[in-house]
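Notes to accompany the following structure.
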Amino acid sequence: MNVSSRPKIRLRDYIAGSARLVRMSNLVIVALTQYLTRILLIGPRQDWRSIITDADMFVLSLSTVCIAAAGYIINDYFDIKIDIVNKPERVVVGRYLKRRWAMGAHQVLNVLGAIMGLFVSPYIFIINVFSITLLWFYSERYKRLPFIGNLIVSLLTGFTLLILTVEYPANRHLVFIYAVFSFFISLIREIVKDMEDIKGDSAHGCRTLPIVWGIRRTKNFLYAVLALFVMTLFIMARALDNNLLVLLFSLLLIPVSWLAVKLIRADTRKDFRQISNLCKVIMLLGLITMIWT
């Protein structure tokens with residue numbers, strides 16, 4: 001009898017694997033962040049019902065989600081060997097989804113994202129095509145280079161907020177501040193993740209900052225990024241003469257300071273994973289401050 005030794009994949013496992021591949025929880029956060037920005041920062045807040053039912057806003061947000069999902073897929077497609085070392089339990093492509101299906105899904109999502117952007121505005125379409133191109137080169141090439149990959153992901157994170165100002169220009173200055181906030185937290189988290197994944201990255205020829213500089217010098221670089229992050233936020237808040245925003249950012253110094261302390265003490269992969277999760281918490285706290293801005 002010819003019995004395959006490969007375990008049968010259940011539908012439940014396939015669905016769970018596909019959701020993990022596109023980082024479903026992250027996609028929900030992206031959409032929620034955009035809607036919160038549209039309601040709380042751009043406003044007017046009292047029209048929140050009409051904002052939620054705004055067709056252009058829905059299509060714009062959905063296009064962003066499609067492109068982000070495609071980015072996650074192509075990233076995992078190119079990183080199968082690295083992820084087998086770093087995160088074997090989270091490998092989806094090749095286990096639950098064939099490589100050619102993953103590439104097909106990536107292309108379909110990108111086309112949908114670009115077309116939906118065109119429905120909203122030609123400028124949104126151009127930004128979406130630029131983001132799609134940047135995500136491809138990031139996954140295929142730049143992720144393995146020092147710093148440039150981290151910078152690309154962080155810029156695209158900020159773009160998820162800035163893209164709203166193309167269609168909804170009101171209070172653009174406030175949206176820009178929160179885009180800068182998102183950029184810095186994302187940059188810090190991406191570099192920390194490189195420190196967490198140094199073993200698998202090194203084994204497959206990557207040249208990330210921790211590999212090129214070592215953990216100690218990379219930490220020193222992150223201290224400088226943290227200092228620049230804090231100074232930039234306060235300078236921008238002061239420039240707007242917004243005392244409430246200064247107060248809110250002052251409160252955020254508590255978790256940011258804790259992050260710095262944990263970074264000083266960090267030595268193991270577990271430590272860096274905890275710092276990465278703390279970055280997510282700080283990002284969430286930053287978004288919550290939109291309520292009082």
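Every number in this text was worked out from the coordinates using simple rules, so none of it is lab data. Computed from a predicted structure; not experimentally measured. Cβ coordinates were reconstructed from backbone atoms using ideal geometry, including for glycine residues, and neighbour counts include every protein chain displayed.
Structure above, values below:
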item	result
FRET efficiency, 1/(1 + (r/R0)^6) with R0 25 Å, evaluated for ASP56 and ILE126 via beta carbons	0.95
Extension gain, ILE235 back to THR268 (0.36 nm per residue minus Cα-Cα distance, nm)	8.4 nm
Only Lys, Arg (+1) and Asp, Glu (-1) charged, at Cβ; the stretch 171-293 dipole about Cα centre in debye	240 debye
Range in the chain, longest, excluding exposed trypsin sites (Lys or Arg not before Pro) [loop by DSSP; at most 12 other beta-carbon atoms within 10 Å]	142-293
Lys/Arg +1, Asp/Glu -1 at C-beta; the chain dipole; positive extreme among GLY71, ILE291, ALA16	ALA16
Magnitude of the charge dipole, the chain, Cβ model with Lys/Arg +1 and Asp/Glu -1, debye to 20	1120 debye
The stretch 100-201: chymotrypsin sites (Phe, Trp or Tyr not before Pro) in DSSP loop, at most 16 other beta carbons within 10 Å	none
Stretchable slack from ARG45 to LEU247, in nm (0.36 nm times residue separation minus alpha-carbon distance)	70.6 nm
Rg/Rg_globular for the chain, with Rg_globular taken as 2.2 N^0.38 Å and Rg from C-alpha atoms	1.05
Cα centroid separation - the stretch 173-191 against the stretch 251-293, whole Å	13 Å
Label zone at LEU151, where the point sits 7 Å out along the Cα-to-Cβ direction: the stretch 174-193 residues whose backbone N lies under 15 Å	184, 187-188, 191
Span-rule helices in the chain, defined as complete DSSP H runs reaching 30 Å or more along the axis (Cα) with Kyte mean at least 1.0	55-78, 215-239, 243-265
About the Cα centre, charge dipole magnitude for the stretch 9-170 (Lys/Arg +1, Asp/Glu -1 at Cβ), debye	680 debye
Value in Å of the Kirkwood radius, where the stretch 171-293 supplies the Cα pairs that are averaged	15.2 Å
Expected 222 nm ellipticity per residue - DSSP helices of 4 or more, -39500 (n - 2.57), all of the chain, to 500	-25000 deg cm²/dmol
Förster-model FRET efficiency, 41 Å R0, GLU167 and LEU284, C-beta, rounded to 0.05	0.95
Förster radius 51 Å - calculated FRET efficiency between TRP101 and VAL212 (Cβ-Cβ, nearest 0.05)	0.90
